[in-house]
Each structure stands twice: as C-alpha cells, then as structure tokens.
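S.K.: One structure, pasted below without further comment.
Only the coordinates and a few stated rules stand behind these numbers; no lab work does. For clarity, every value in this text was computed on a predicted model and none was experimentally measured.
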Amino acid sequence: MKVEERLAVFKEESYRNAVRLFQDAALLYCRASYPSSFALAVTALEEIGKVHVVDRACDMLCMNPDGAETIYDMYFKSSWLTDHKHKQRQALVDAIGKEPSRSDAVWKFVDSGGLEEARQQALYVELQGKDIKTPARITREKAFAILNRCHEAFAGSGDLAFSGFTANSTKKSEWLAKDTIQAVLTAFNECKAHNTLFEPTR
C-alpha cells in the first residue's frame, strides 16, 4: 500500500472510530452512566483531532513532495499522534474553528490539560490527601457539554475523512459524510431527549 493510500485509509478509519466512540458515549449517557460517557466522548473528540492532524500532513506532503521524509517523520514519528492535548487542541482549532486564545475559557481548559485530567477523573477512583475522589464528580451536565462539543466537531469536519489523500470532495465523499453525520445527529438527539427528563416542569 502506497503512503498516500495508507494515510487516506488512516484518516477515514480514525473518523469512523470517532463515530463509534461517540455512539457508545451517547448510549452510556442515555443510561445515566455519565462519567463513562464523558470519557468516551473526550476520546471521540481526540480521534476527530487526529483526522485533522493526518489531513494537515497530507496537505504538507502534497505541497512539499521533496521534503516528504522530513514531513512524514514530523507528523507520524513524533508525539503528535500520541499527545492527547495536541489532538484535543487540533479538534478545537480545525473542526470547531476556535482560535487559540488564553482568554477563551474552553481553549484554556483544553490547552492546560484540564480536559485530559477530567477524562482521568471520569475513569478512576483516587485518593487525594484524606479525600476519596470518585468518577461521580463528572456530572450529567459535564457529559452533555462534551457530547455537544463532539457534535460540533463532526459537523465542522465535513467530508474531510472521506476525501482521500488530496482532500478533493466528490459525490461519494459528500454522501459518506452526510450518512455518518446523520448517525451522529441521531445519537446526539437521543442525548437531548434524555436531558428533557431533567428539565423543570412548568
């Protein structure tokens, strides 16, 4: 398999995995397993960020074929695909369109490692001094907020995952994107319906 084909497949499979993780997170949310839902949703967001990291690499390789080896090493042999914060930031910038800014609360939270710390909190019981911290500190509201952020990231990614190495849209790539984004929307709507159970009655 040529490197161009391998990266196109990598990009698409990362996106499909993000959809799977999001659907699982939505299912857990509707079963009131909010911490686990939160952890999976953060991971889904990270996978979307990975799609954009890979796409940036493809762009660089297209524009600088003579520097292919250096570019490949920079993107795929460095920590960029293993660094949780880097992929989370990439999802914010490329998929959601947030500008890096320390005055933006969401950006600051992700950039400082707060989102990754919260994912760890969602998974483990910890002893901090004399206090026992449980995953229950990840609330329904926090889980819904990250699910909503994921939904934004999917919508903002368009057909990028299906447009191949050169990121040229086709009828097929647009159809595949529309189909998967509809699956994401269906799962997200189930989360919103679950939320109505907690709305105050008038």
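S.K.: Run the helix sum for the chain: -39,500 (n - 2.57) per DSSP H stretch of 4+ residues, divided by residue count, reported at 222 nm to the nearest 500 deg cm²/dmol. Before the final figure, lay out each step's value.
M.R.: Numbers: 8 runs with 134 residues, N = 202.
For the chain, the value works out to -22000 deg cm²/dmol.
S.K.: Hey, another quick one. On each of the three principal axes of the Cα atoms of the chain, give max minus min coordinate, whole Å, ordered largest first.
M.R.: Principal-axis extents of the chain (Cα, largest first): 60, 42, 33 Å.
S.K.: A further question follows. Taking 0.36 nm per residue of sequence separation and subtracting the Cα-Cα distance, how much length would be gained by fully extending the chain between Lys133 and Met74, in nm to one decimal?
M.R.: 17.4 nm
S.K.: To continue, here is another question. Take the cross-link list Lys85/Lys130; Lys77/Lys98; Lys11/Lys171 and give me the ones stretching past 25 Å between alpha-carbons. If you can, show how the numbers build up before the last one.
M.R.: Details: Lys85/Lys130 29 Å; Lys77/Lys98 27 Å; Lys11/Lys171 18 Å.
Too far apart for the 25 Å limit: Lys85/Lys130; Lys77/Lys98.
S.K.: Note the full-extension length gain between Thr170 and Ser112 as 0.36 nm times their separation in residues minus their Cα-Cα distance, in nm to one decimal. Before the final figure, lay out the partial values.
M.R.: Numbers: separation 58, 0.36 × 58 = 20.88 nm, distance 3.82 nm.
So the chain would gain 17.1 nm between Thr170 and Ser112.
S.K.: Note the full-extension length gain between Glu126 and Glu199 as 0.36 nm times their separation in residues minus their Cα-Cα distance, in nm to one decimal. Intermediate results must be reported in sequence, preceding the final value.
M.R.: Values: separation 73, 0.36 × 73 = 26.28 nm, distance 3.17 nm.
23.1 nm is the gain from fully extending Glu126 to Glu199.
S.K.: Next question. Evaluate Rg over Rh across the stretch 105-157, taking Cα atoms for both radii and Kirkwood's formula for Rh. Show your work: numbers first, answer last.
M.R.: Numbers: Rg = 13.2 Å, Rh = 12.5 Å.
When Rh is taken as the Kirkwood radius, the ratio is 1.06.
S.K.: Tell me, what is a quarter of the convex hull surface for the C-alpha atoms of the stretch 94-202, in nm² with one decimal? Can you show the working numbers first?
M.R.: Details: hull surface 43.1 nm².
The directionally averaged projection comes out at 10.8 nm².
S.K.: Could you compute how fast the stretch 1-67 diffuses translationally, taking Rh as the Kirkwood radius over C-alpha pairs and applying Stokes-Einstein at 25 °C with viscosity 0.890 mPa s? Give it in µm² per second.
M.R.: D = 188 µm²/s.
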